[in-house]
1. What tally of residues in the range 53-63 results from selecting those that are exposed (fewer than 14 other Cβ atoms within 10 Å of the Cβ) and either in a helix (DSSP H, G or I) or modelled with pLDDT of 90 or more (or both)?
2. Given the conditions (1) in contact with a Ser or Thr (Cβ under 7 Å, 6 or more places away or on another chain); (2) at pLDDT 50 or above; (3) over 22 Å from Val9 (Cα atoms); (4) of a type outside the set (Asp, Glu), report the number of the one that Arg31 does not fulfil.
3. So is Ala44 farther than 17 Å from Leu7 by Cβ, surrounded by 19 or more Cβ atoms within 10 Å (Cβ to Cβ) and at pLDDT 50 or above or not?
4. Output the number of residues of the range 2-39 satisfying the condition of being surrounded by fewer than 17 Cβ atoms within 10 Å (Cβ to Cβ) and not in a helix (DSSP H, G or I).
Amino acid sequence: MIASGNLVVALALLTERLTKEPENVEALKMRGELLLKMGDKQGAQEDARRLMEIAPEMASDITGDFTAKGVEQRPKRRVSNLNPLGI
């Protein structure tokens, strides 16, 4: 769903998954990346902080340009192939 550009639906699905599984690190990482892509710097930072709290070993996976505005806020690395939600 992310690849097809339906970012709002993908965000809703990831948020729903995190409501049921708050420590799902892959869903949290994907939602943070998606929020950053959508221009929600604050939401992306909150997810990054939460991810570092529950999975500090993943700190090296958290990258991104948090200074740009709008659509320029894209992670500087590729999105992981791992996709626990099938979207």
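The values are calculated or read from the model by the stated rules, or taken from the named source; none is laboratory data. Just so it is clear, the structure is predicted and the values come from calculations on it, not from any experiment. Reconstructed Cβ throughout: ideal geometry from the backbone, glycine too, with neighbour counts over all protein chains shown.
1. Total satisfying the criteria: 6.
2. Condition not satisfied by Arg31: (3).
3. Against the criterion (farther than 17 Å from Leu7 by Cβ, surrounded by 19 or more Cβ atoms within 10 Å (Cβ to Cβ) and at pLDDT 50 or above), Ala44 does not qualify.
4. Here the count works out to 8.
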